[in-house]
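The values are calculated or read from the model by the stated rules, or taken from the named source; none is laboratory data. Note that the coordinates shown come from a computational prediction; the quantities given were computed from them, not determined experimentally. All Cβ positions, even for glycine, are placed from backbone atoms using ideal geometry, and neighbour counts span all protein chains on display.
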């Protein structure tokens, strides 16, 4: 099984508590998922995520193909990270870590995804030409939505740097 890895980092001008309140609400997943996936939750959602929570949904990754996907929130350490893993769906393996840490001026958020597709050779070709580019688009969309929601991150001035007068 060949594992692929994606890593995305984004800084948000918000507190750790504000970020956690947003990301721990399972209903927000629809807000940060692009419309082209036709994402639809098909299970009841609790108001806050918790370890052991199962979420089922339906997506349309390519025109004409509708897939069911079931994920489990396997780990939660509020407000610093959570992990979702596929239990049933299009991937042979899916493990998505979400990390949050305070930084000067806000929160740094990391998404790290390890995934594998079924069928080695066809899966590798499918990944290169369809899946990886689509995942990049999904996370680019997510980045834009989060920047719109929380605002652009502006790094605070470093007081150790002085300007000549």
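For this structure, a couple of remarks:
- Qualifying residue in the stretch 25-33 (condition: under 16 Å from the mean Cα position of the chain (by Cα) and in a strand (DSSP E or B)): no
- Being modelled with pLDDT of 95 or more and not in a strand (DSSP E or B) holds for only one residue in 161, 73, 138, and it is 138.
- Residue 98 falls short on exactly one of the conditions (1) modelled with pLDDT of 95 or more; (2) buried (at least 17 other Cβ atoms within 10 Å of the Cβ); (3) over 21 Å from residue 55 (Cβ atoms), and that condition is (3).
- Output for the stretch 1-15, where each listed residue is under 24 Å from residue 125 (Cβ atoms) and either buried (at least 17 other Cβ atoms within 10 Å of the Cβ) or in contact with a helix residue (DSSP H, G or I) (Cβ under 9 Å, 6 or more places away or on another chain) (or both): 1, 2, 4, 6, 8
- Total residues in the stretch 115-133, condition under 16 Å from the mean Cα position of the chain (by Cα), within 23 Å of residue 82 (Cα to Cα) and crowded, with 16+ Cβ neighbours inside 10 Å: 1
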